[in-house]
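The values are calculated or read from the model by the stated rules, or taken from the named source; none is laboratory data. This structure is a prediction, so every number in the text was calculated from the model and none was measured. Positions of Cβ are backbone-derived with ideal geometry, glycine not excepted, and every protein chain shown enters the neighbour counts.
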Amino acid sequence: MPERILNAATKMSELTTAKVNEIQNVTKAAKILALNALIEASRAGEAGRGFAVVANEVNSISQQVTSIATELQNLFATEARDLRGTAQMVRGARLSDLALYVIELIDRNLYERSCDVRWWATDSAVVDGCADPDNQQAAQWASKRLGVILDSYTVYLDLWVADRHGRVIANGRPDLYRVKGLDVSNESWFRQAMATRDGTEYAVADIERSQHFGGRSTATYATAVRAEGEADGEIIGAMGIFFDWETQADSVVNSVSFAEEEAPRTRVMIVDRNFNVIATSDGMSRREERFILQLGKNDKDSYLLEDGTIVAFALTPGYETYEGMGWRGVIVQKPRNALRAAPNHVSVSHSVGRKRQLESIDA
């Protein structure tokens with residue numbers, strides 16, 4: 001609908017300009033004829049006086065028509081501009097709503113991950129493995145149990161259990177990732193897990209590429225493993241679960257439906273709190289890409305760049321007990337004429353240019 005309004009406003013403006021130009025051309029011709037008539041009347045002397053009156057009247061009418069045409073053109077130009085502005089606001093509102101949908105969808109997904117790690121850390125096989133980390137049979141049972149979990153939860157690359165000293169004693173995919181015995185005591189997820197106050201708390205790390213998973217991007221969630229699986233039990237180890245970020249985030253940013261005409265010029269992204277692009281629908285994201293947003297006071301908003309590009313964004317609202325990490329859903333949509341300039345994809349490394357605020361919408 002916003003596109004139709006924009007097209008209608010543009011066509012109205014173009015048609016008005018064309019018709020006013022035609023009127024002005026006619027009045028110019030009438031003025032020339034009136035001028036020629038005045039010249040001939042002056043040559044005719046007394047006999048041409050009546051004709052001179054008519055010529056002056058024609059000239060006066062031509063000037064009036066020109067004035068009316070100019071006013072009409074200005075009026076239609078103003079109306080068309082207001083109509084385009086309204087359409088841009090509607091489009092900005094729609095895109096910012098979609099940006100909120102994207103970040104809410106990922107929030108709900110990640111909330112489940114925070115639940116998973118707290119639940120699985122109480123599994124008897126995991127607890128027994130951490131209680132007696134040198135018991136190979138207990139470690140094997142814990143590894144087997146993690147493998148069973150992974151068979152049902154395909155969104156994870158792997159699940160790890162480490163003893164209280166940071167030595168990995170079991171993982172769910174030992175044939176694929178040979179990490180048993182690995183020292184993770186200096187890794188942030190382990191340290192944060194060991195610092196949790198009780199079984200209700202968990203740690204979550206920023207998206208990062210892990211050498212343990214061949215450079216794939218992971219979202220890591222962790223919590224402490226406690227004696228007897230009790231929420232207030234003594235810490236005897238830590239559990240880390242590694243969410244397959246690339247695959248899952250790609251499905252989220254590509255879940256937004258756009259009209260066939262919009263899709264080639266629209267890019268959907270997720271950026272972290274430092275504006276690093278951590279997911280993008282066009283597959284063109286570079287590892288160090290950043291998209292600097294022009295933020296105002298609203299968590300959910302949109303603005304227009306000089307070339308007509310609309311940038312819409314929404315801050316994570318969190319979900320249930322998951323507070324979010326300051327990430328934002330972002331949608332960048334180029335104007336329609338951008339298709340001729342860049343038909344393959346929309347790729348913007350950073351947002352620059354004079355800002356025109358379209359609307360302010362509280363999240």
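Listed values, structure above:
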{"quantity": "Answer residue from the range 100-119, given it is surrounded by 21 or more Cβ atoms within 10 Å (Cβ to Cβ) and touching a helix residue (DSSP H, G or I) at 6+ places or on another chain (Cβ under 7 Å) and is farthest from residue 198 (Cα to Cα) among those", "calculated": "102"}
{"quantity": "Of all residues in the range 181-203 being in a helix (DSSP H, G or I) and either of a type outside the set (Phe, Trp, Tyr) or in contact with a Ser or Thr (Cβ under 8 Å, 6 or more places away or on another chain) (or both), the one that is surrounded by the most Cβ atoms within 10 Å (Cβ to Cβ)", "calculated": "193"}
{"quantity": "Test: residue 277 is assigned to a helix (DSSP H, G or I), modelled with pLDDT of 90 or more and under 27 Å from the mean Cα position of the chain (by Cα)", "calculated": "no"}
{"quantity": "Long-range neighbours under 6 Å by Cβ, at least six apart or interchain, first residue assigned to a loop (DSSP other than H, G, I, E, B) within the range 219-242, second among the charged types (D, E, K, R) and surrounded by fewer than 20 Cβ atoms within 10 Å (Cβ to Cβ)", "calculated": "231/198; 232/198"}
{"quantity": "The range 281-320, subset acidic (Asp, Glu) and farther than 19 Å from residue 336 by Cβ, residue surrounded by the most Cβ atoms within 10 Å (Cβ to Cβ)", "calculated": "301"}
{"quantity": "From 314, 249, residue being in a helix (DSSP H, G or I) and aliphatic (A, V, I, L, M)", "calculated": "249"}
{"quantity": "Matching residues in the range 148-178 - criterion: being assigned to a helix (DSSP H, G or I) and more than 20 Å from residue 223 (Cβ to Cβ)", "calculated": "151"}
{"quantity": "Criterion violated by residue 141 - all others in (1) at pLDDT 95 or above; (2) closer than 30 Å to residue 327 by Cα; (3) surrounded by 15 or more Cβ atoms within 10 Å (Cβ to Cβ) satisfied", "calculated": "(2)"}
{"quantity": "Hey, residue 206 part of a strand (DSSP E or B), of a type outside the set (Lys, Arg) and in contact (Cβ under 8 Å) with a residue 12 or more places away in the chain or not", "calculated": "no"}
